[in-house]
Every structure is written in C-alpha cells, then in structure tokens.
Amino acid sequence: MTLLLKPTKIEAARALAANANFYLNYDTDKITFTDLKGDSEPSESAINAKYTELLNAYNAEKYKRDRATAYAPISEQLDQLYWDKKNGTNKWVEAIDKVKSDNPKP
C-alpha cells in the first residue's frame with residue numbers, strides 16, 4: 001500500500017485506539033482522549049512510536065510517489081504502446097525505464 005499523504009500524530013493515535021474520540025492540541029503537540037469507547041488509552045510514547053513507524057513507511061515509499069507523478073497518463077501510454085506496435089519501436093519501454101531509473105527503489 002502506498003501512503004500518499006504524510007502521516008500525522010492523529011493517524012498514529014487512530015491506529016492505536018480506533019474507536020476513541022480525541023483531539024490534538026497544536027500548541028503542545030499533545031493528544032487528549034475524550035472518550036475511549038472501550039479502547040485503552042495509548043501512552044504518548046506509544047503514539048510517538050507509531051507515528052515514527054508510519055512516517056518511516058511513508059518515507060520508504062517516496063520513490064513510488066515520485067514515479068506516479070513522472071509516468072505519463074495511461075491514455076498517453078496506451079497510445080505510445082499502439083504506435084510502438086505499429087512502428088516496431090520501443091519508446092514506451094524506454095520511457096518507463098527512464099522513470100524507474102530516475103526514481104530507483106531504495
């Protein structure tokens with residue numbers, strides 16, 4: 001699964017206490033739980049650890065996000081494949097190879 005948006009502490013808290021209600025105080029960067037709804041309240045260190053885990057997963061997939069924006073739209077790729085087949089060329093493969101080489105997997 002590719003993470004498209006940078007994770008937040010709110011997402012980390014939601015991952016640890018999916019049913020709870022809470023809010024983030026942006027001045028202190030502290031999460032306050034208002035209703036656990038059967039979940040146990042995760043510690044601040046657990047939330048920070050989960051946030052770090054989510055952030056590391058997000059950072060590890062940077063190449064996927066970069067590739068997604070570098071690839072031509074599918075309609076253009078299909079047209080390129082059609083003309084490659086018609087003309088005996090390899091332009092589509094070359095374009096895909098360039099995106100992959102410009103944005104390598106870590």
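The values are calculated or read from the model by the stated rules, or taken from the named source; none is laboratory data. On a predicted model such as this, the values are computed, not experimentally measured, just so you know. Here Cβ is always computed from backbone atoms with ideal geometry, including for glycine, and neighbour counts include all displayed protein chains. For accessibility, only protein heavy atoms count, side chains too; no ligands or nucleic acids. Shrake-Rupley method; radii C 1.70, N 1.55, O 1.52, S 1.80 Å.
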Selection from Ile31, Tyr58, Ala13 lying farthest towards where the dipole of the chain points positive, charges on Cβ: Tyr58
Principal-axis tilt of helix 91-102 within the chain, Cα atoms, nearest 10 degrees: 40
Charge dipole (debye, nearest 20) of the stretch 62-106; +1 at Cβ of Lys and Arg, -1 at Cβ of Asp and Glu: 240
Helix-only mean residue ellipticity at 222 nm for the chain, each DSSP H run of n ≥ 4 adding -39500 (n - 2.57), per residue, nearest 500: -17500 deg cm²/dmol
Probe 1.4 Å - accessible area at Tyr63, Å² to nearest ten: 40
Accessible-area composition of the chain, carbon plus sulfur, in percent [1.4 Å probe]: 54
Over 26 Å between alpha carbons, listed pairs Lys9/Lys62; Lys50/Lys105; Lys6/Lys91; Lys64/Lys91; Lys62/Lys98: Lys6/Lys91
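Under unit Cβ charges (Lys, Arg +1; Asp, Glu -1), what dipole magnitude, rounded to 20 debye, does the chain have relative to its Cα centre? Spell out each step's value before the answer.
Values: 16 positive and 16 negative charges, 84 e Å.
Dipole of the chain, to the nearest 20 debye: 400 debye.
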For the chain, with +1 on Lys and Arg beta carbons and -1 on Asp and Glu, the positive-most of Gln80, Leu4, Ile96 along the dipole: Gln80
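Whenever you get a sec, line up Asp79, Asp39 from highest to lowest accessible area (probe 1.4 Å, protein heavy atoms).
On the way: Asp79 85, Asp39 40 Å².
The ranking, largest first, comes out as Asp79, Asp39.
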